[in-house]
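Remarks on the structure that follows.
Read-outs throughout are calculated quantities, based only on the coordinates presented, and are distinct from any laboratory measurement. This one's a predicted model, so the numbers in the text were calculated from it and none came from an experiment. Every residue, glycine among them, receives a Cβ derived from its backbone with ideal geometry; neighbour counts consider all protein chains shown.
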Amino acid sequence: HLQMTDTDINIESIAKVQRSKLFPCSLKVDELDIDSKYTRGKKKNPPRWMNSYIVFRRALGLLLKGIKMDGKQLTLLARQMWNESNKYEKEEYKNISLELRKRHRKRYPEFKYGAKR
């Protein structure tokens with residue numbers, strides 16, 4: 001793990017160190033899966049399944065768990081790394097997303113996605 005102070009977050013350094021753990025993904029699908037009872041609180045509606053970028057963002061967040069970084073910084077880092085990755089690197093996250101979507105369908109067979117407008 002990286003040793004950094006609260007104010008000394010160097011996004012470029014973190015990106016270089018963590019890239020080898022993200023491409024290919026070093027986490028198992030079970031680690032990336034989210035059980036809605038832990039994420040939805042009092043809401044009754046199940047969460048939407050995660051797309052490939054959201055799976056990537058979650059993987060990055062789990063890998064950086066020990067580093068003090070707010071959600072905005074994490075999202076900026078994820079966006080930068082995702083945009084710099086190639087289609088083959090993104091393909092792995094797409095496959096993970098498809099597996100998670102299958103699990104989502106089993107967990108919530110009645111779920112129908114309807115965008116809020």
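Just a few scattered comments:
- Prolate/oblate/rounded call for the range 50-110, Cα gyration tensor, a/c under 1.5 rounded: oblate
- Stretched out straight at 0.36 nm per residue, the stretch from Ser20 to Arg105 would grow longer than its current Cα-Cα span by 27.5 nm.
- Most to least packed among 89-101, 51-63 [average Cβ atoms within 10 Å]: 51-63, 89-101
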